[in-house]
Amino acid sequence: MKTTTTYAAFVGLDWADRSHQVCLRTADGTRDEQSKLDQDPLALQSWANALRARFPEGKIAVALEQTKGPLVYALSMHAHLELFPINPAMLAKYREAAKAASGTKNDPLDASLLCELLRVHRDWLRPLPTVPAAARELQMLLEARRGLVDQRTGLAAS
């Protein structure tokens with residue numbers, strides 16, 4: 001028997017190099033909230049912290065088209081976010097099946113479809129494994145070290 005986690009909110013996040021389109025729907029909501037998020041570590045952290053403040057007791061399910069990379073790394077640092085990777089081909093087929101915008105890709109639509117896939121068809125999806133607290137702390141320390149090494153290298157080159 002499969003247990004189902006209860007989520008406070010569902011998020012579809014359509015990533016891009018410069019900014020991300022976000023679609024959020026609360027668990028008991030009927031309307032999507034659309035927003036944009038800069039591709040910046042501080043902006044991602046602020047957004048994740050704002051979600052924690054808005055939903056202090058619940059987990060938030062986040063659908064995105066990646067299994068690794070800077071975005072997944074940044075979001076996996078937050079224990080209240082459960083990440084669900086969606087294969088881009090699956091999203092393309094879902095977009096085609098929905099006959100949305102004649103199948104053309106656009107970020108707000110894709111964020112909405114990611115959110116809908118997660119809300120309605122969660123049983124099709126598997127979350128990424130949770131990063132233990134000690135590993136998250138180690139990752140943050142390594143990131144800080146990497147920044148210091150980059151800074152040192154930059155100063156040595158000048």
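The values are calculated or read from the model by the stated rules, or taken from the named source; none is laboratory data. In this text the structure is predicted, and so the values were computed from the model without any measurement. Note: ideal-geometry Cβ built from the backbone for every residue, glycine included; neighbour counts use all protein chains shown. Side chains included, ligands, DNA and RNA excluded: accessible areas come from the protein's heavy atoms. Shrake-Rupley method; radii C 1.70, N 1.55, O 1.52, S 1.80 Å.
A few remarks follow.
- Number of the condition not met by Ala9 [criteria: (1) touching a residue at least 24 places away in the same chain (Cβ under 8 Å); (2) part of a helix (DSSP H, G or I); (3) open to solvent by less than 30 Å² (accessible area, probe 1.4 Å)]: (2)
- Within region 1-56, the residues that satisfy the criterion of being polar (S, T, N, Q) and farther than 14 Å from Ser112 by Cβ are Thr3, Thr4, Thr5, Thr6, Ser19, Thr26, Gln39, Gln45, Ser46, Asn49.
- Among residues of region 134-155 that are of a type outside the set (Val, Ile, Thr), those with a Cβ under 7 angstrom from a residue that is modelled with pLDDT of 80 or more and surrounded by 10 or more Cβ atoms within 10 Å (Cβ to Cβ), sequence gap 6+ or separate chain, pair up as Arg136/Met77; Gln139/Met77; Met140/Met77.
- Gly29 surrounded by 16 or more Cβ atoms within 10 Å (Cβ to Cβ) and small (Gly, Ala, Ser): no
- Residue count for region 130-146, restricted to those that are among the basic types (Lys, Arg) and modelled with pLDDT of 75 or more: 2.
- Among (1) in contact (Cβ under 8 Å) with a residue 24 or more places away in the chain; (2) open to solvent by 30 Å² or more (accessible area, probe 1.4 Å); (3) not hydrophobic (A, V, I, L, M, F, W, C) - the single one Asp17 does not satisfy: (1)
- Looking only at region 109-139, residues that are open to solvent by 60 Å² or more (accessible area, probe 1.4 Å) and among the basic types (Lys, Arg) come to 2 in all.
- Just one of (1) loosely packed, with under 15 Cβ neighbours inside 10 Å; (2) closer than 19 Å to Asp38 by Cα; (3) in contact with a helix residue (DSSP H, G or I) (Cβ under 8 Å, 6 or more places away or on another chain) fails for Lys68. It is (3).
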